[in-house]
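Below: one structure, written as structure tokens.
Values in this text are rule-based calculations from the coordinates and carry no lab data. As the structure is a computational prediction, the values presented were derived from the model and not from experiment. Here Cβ is always computed from backbone atoms with ideal geometry, including for glycine, and neighbour counts include all displayed protein chains.
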Amino acid sequence: MIANHTTIGTDTGEIVGVSQALTAVLEQARVVALTDATVLICGETGVGKELIARRIHDESRRCHGPMITVNCASIPRDLFESEFFGHSRGAFTGAIRDRRGRIEAADGGTLLLDEVGEIPLELQGKLLRTLQHLSFERVGEDRTRRANVRFIAATNRNLLQEISSGRFRLDLYYRLSVFPIEVPPLRARPEDIVSLAQYFLCHLAAKSERRAHSLSSAQVRHLLAYEWPGNARELKNVLERAFILSGDGPLRLDLGLPAAAISSFGRASSLADRLPVPAQGFFTASEFEQLERQNLIGVLEAVHWKISGENGAAAVLGLSPSTLSSRLKALKIGRPEPTSLYARLGGHQVIARFAHDLFGRVLADPVLSRFWAQRSTIGILREEQLLVAYLSSASGGPAKYLGRDLRSAHRHLDITAADWNAFRTHLGVTIDSLPLADRERQEIITFAEGLRGEIVRDAQY
């Protein structure tokens, strides 16, 4: 049965899935492969962008040439030109011989610019020239060389948002996005989750020469309930971890699944970042105000903070621009600075997903769950909402946090060093499941560690 599936997201280079969304992506790849057009593949981390790029190369007339992949985020600024264009002997200290760059190495084939959104702004113009004229010079050499290369770029960033924030060149975007392909996340095509899971389990069994595990109906429900922020890559890691820990016995999926996937809330609790929960069956004035605040922020982020005009927030909401501006002022909502951690993370949706996942892991921890043992489901969901609001404000979000003092509340919980170490582990796993750059990862960790001295009893490292 699996052999008849289209396959994506595997370490074998195949693409597995049965959804119409995946079929549409593969059809786009097939059509553009017949041309030399530059392709921009967008999608979250782990959706299989590199596999789509490989499919395009393999079905093109360049299939017998090389396919070179460059991780743009890993190239130091000082070595960017040398890495892409090559250098001649003596061009700089340490250049003891001529060296071909990645563009030259891909001659006659395809060059994949992975994580293209990570290229520093001041270096993007150098790449633009090569894309425009298909020519380049090695560092330290005057000779102009021709580039017989097909360019494919991939990114997990919203490049239009990067452009509006001044971090990506508009002319480079237009040059790259001749043929854009959007790979949908796994949560948007849940029918592919079970197909992928079965494929991964069969592949793991074949590699280890062990019998293949089958999924129970309960395990399938757990897989479908989780949102898979790390997409197919996270699914594969979860199943491999469960496969290893289960040994020769039945598959213990609970040993590999993130805590958020096996918590009692499941996918439904993701609504917690969007709707406040009325504690008494109705909204108080402050709760209703918070609902309005979240709704306005959601609309503004969806339209990239455009207030008036066609497709602006006012038009979407059916309000006049002046009325909307008055409400924003009354609710003290302001556009976040582009350099804020909030903006760099991707706004409210990413922070809410982060808080939801972290909260689920902590709730499922056999030790840390004691802090919520006496709380109702509504009470726990309200705590998650407070965490989202607090993190949004602390990271430079559009609204000031107006809830209770979370630091003061945690000081009285008798949190031990062992509790903190358990939390730190869950924090690390949650961060790893999100497509975050090293800078953002470190800022989150530093912020969390800054709380330790205030809320942990006898906090000694």
Requested in this report: Please arrange 390, 174, 226, 401 by counting, for each residue, the other beta carbons lying within 10 Å of its beta carbon, fewest first.
Outcome: 174, 401, 390, 226
Report summary line: Gyration tensor on Cα atoms of the stretch 214-255, a ≥ b ≥ c root eigenvalues, a/c under 1.5 rounded, else prolate if a/b beats b/c, else oblate, says oblate
Query raised in the report: What is the set of long-range amide H partners of residue 182 at a cut-off below 5 Å, with H atoms built 1.01 Å from backbone N?
Result: 42
**Report entry** For semi-axes √(5λ) of the Cα gyration tensor in Å, calculated from these coordinates, the label among [x] 40, 30, 23; [y] 31, 27, 22; [z] 62, 28, 17
**Finding:** [x]
Requested in this report: Using amide H atoms built 1.01 Å from N in the peptide plane, name the residues 5+ places from residue 153, or on other chains, whose amide H lies under 5 Å from its own.
Outcome: 39, 40, 41, 113
**Report entry** Gyration tensor (alpha-carbon) shape descriptor, the stretch 356-461, a/c threshold 1.5
**Finding:** rounded
Query raised in the report: What is the stretch 15-139 by shape, rounded, prolate or oblate, if you read a ≥ b ≥ c off the alpha carbon gyration tensor as root eigenvalues and call it rounded for a/c under 1.5, prolate for a/b larger than b/c, and oblate otherwise?
Result: prolate
Requested in this report: Using a cut-off of 11 Å between beta-carbons, work out the net charge of the residues near residue 20 (Lys and Arg +1, Asp and Glu -1, residue 20 not included).
Outcome: -2
Query raised in the report: Taking neighbour counts of Cβ atoms within 10 Å as a proxy for exposure, in what order, fewest first, do 155, 144, 45 appear?
Result: 144, 45, 155
Requested in this report: Only loop residues by DSSP count here, and only those with at most 11 other Cβ atoms within 10 Å; note down the trypsin sites (Lys or Arg not before Pro) in the stretch 95-189 that meet that.
Outcome: 97, 143
Query raised in the report: Can you list the aspartates and glutamates whose alpha carbon sits under 15 Å from that of residue 329, skipping same-chain ones fewer than 8 residues off?
Result: 289, 292
Requested in this report: Would you calculate, for the chain, the mean residue ellipticity at 222 nm contributed by helices, counting each DSSP H stretch of 4 or more residues as -39,500 (n - 2.57) and dividing by all residues, to the nearest 500?
Outcome: -14500 deg cm²/dmol
Query raised in the report: What distance in nm separates the simple spin-label points at residue 244 and residue 449, each placed 7 Å from Cα in the Cβ direction?
Result: 2.6
Report summary line: One would report the antiparallel percent of DSSP beta bridges in the chain, rounded to the nearest 5, as 25
Report summary line: Ranked from fewest to most other Cβ atoms within 10 Å of their own Cβ, 42, 63 fall in the order 63, 42
Report task. Sequence neighbours fewer than 8 away in the same chain don't count; with that in mind, list the lysines whose C-alpha is under 23 Å from residue 236. Result -> 49, 207
